[in-house]
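Presented below is the structure to which this report refers.
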Amino acid sequence: MGQISACIFDLDGVVVDTAKYHYQAWKRLGKELNFDFSEDDNERLKGVSRMDSLNILLEIGNITLSEEDKLAYADKKNIWYKEFVMKMTPDEILPGVLDFFKELKDAGYKIALGSASKNAVAILEKLEIIDWFDVIIDGTKTKKAKPDPEVFLLGAKGLNIDPANCVVFEDAEAGVEAALNAEMYCVGIGSPKNLGKAHKVMPGLLNMNIEKLTF
Ligand code: B16
Ligand code: MG
């Protein structure tokens, strides 16, 4: 059994549900490009970077664009997405998150963020939880997307804690793989159907506590 001294949290799907806002913004872009983008399609974008998400969207719509146009459309989507982000409030923090953060901090554990989002800092500020994080690794600091372990390894490095003493909380399959590739423990947040490779799977952070950090 590994001794856990740090918890690294993914953002979307673990701390807050931003997927619904990403969906609205991508759907609006689909509409502008004359095709419908369904909620099922949106599942494929969870944990995926902005440009990779756009490529998936274009594949669904069967549309080819130049690299320049792709950048312009990704920017446009992000402007629409940020309109939602700017309206976010602390009420949107998912159940159990704050209680778990408090318990971790009181017991001396370190907390880091490991997210693909380039908007992570703005979101944490709107949720008023940025001060809980000892280290923030987001899409502005990484070169390689999950399942590459980079995001989580940078988190452990920033905390100065061995990866073997870290546990990652992740809702995306690629994120679970990234945690395992970093040789960290992983708690999947969601369903064992797609997160079965994680060491444990829970539906959310409600009722999560330090006692359950045994692997
Ligand atoms: P942005 P996570 C991910 O967040 C989202 O799940 C994914 O849908 C999004 O495309 C990605 O962030 C990039 O977000 O456009 O804000 O840079 O789950 O890694 O916290
Ligand atoms: Mg996620």
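The values are calculated or read from the model by the stated rules, or taken from the named source; none is laboratory data. Please read all numbers here as calculations on a predicted model, not as lab measurements. Counting neighbours? That spans all protein chains shown, and the Cβs are built from the backbone with ideal geometry, glycine included. In case anyone asks, the SASA skips ligands and DNA or RNA and just uses the protein heavy atoms, side chains included. Shrake-Rupley method; radii C 1.70, N 1.55, O 1.52, S 1.80 Å.
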Report, ordered by the first and then the second residue, all pairs with beta carbons closer than 6 Å, sequence separation of six or more or different chains, a first member in region 21-32 that is under 15 Å from N119 (Cβ atoms), and a second member that is of a type in the set (D, E, K, R) and modelled with pLDDT of 95 or more. A25/K77
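Checking the condition surrounded by 15 or more Cβ atoms within 10 Å (Cβ to Cβ), touching a residue at least 24 places away in the same chain (Cβ under 8 Å) and either acidic (D, E) or within 9 Å of ligand 1 (Cβ to nearest atom) (or both), which residue from L57, L11 passes? Show your work before the answer.
Values: L57 fails: either acidic (D, E) or within 9 Å of ligand 1 (Cβ to nearest atom) (or both).
Criteria check complete, one pass: L11.
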For region 174-189, which residues satisfy the criterion of being within 16 Å of ligand 1 (Cβ to nearest atom), assigned to a loop (DSSP other than H, G, I, E, B) and without any contact (Cβ under 8 Å) to a residue 40 or more places away in the chain? A182
Counted residues, region 124-151 - those being in contact with a helix residue (DSSP H, G or I) (Cβ under 6 Å, 6 or more places away or on another chain), within 16 Å of ligand 2 (Cβ to nearest atom) and not charged (D, E, K, R): 6
How many residues are within 16 Å of ligand 2 (Cβ to nearest atom), open to solvent by 10 Å² or more (accessible area, probe 1.4 Å) and touching a residue at least 60 places away in the same chain (Cβ under 8 Å) when one looks only at region 190-207? 2
Report whether or not A179 is crowded, with 24+ Cβ neighbours inside 10 Å and closer than 16 Å to G13 by Cα. yes
Yes or no: region 80-96 includes at least one residue that is open to solvent by 30 Å² or more (accessible area, probe 1.4 Å), more than 16 Å from ligand 2 (Cβ to nearest atom), on the phi < 0 side of the Ramachandran plot and of a type in the set (V, I, T). yes
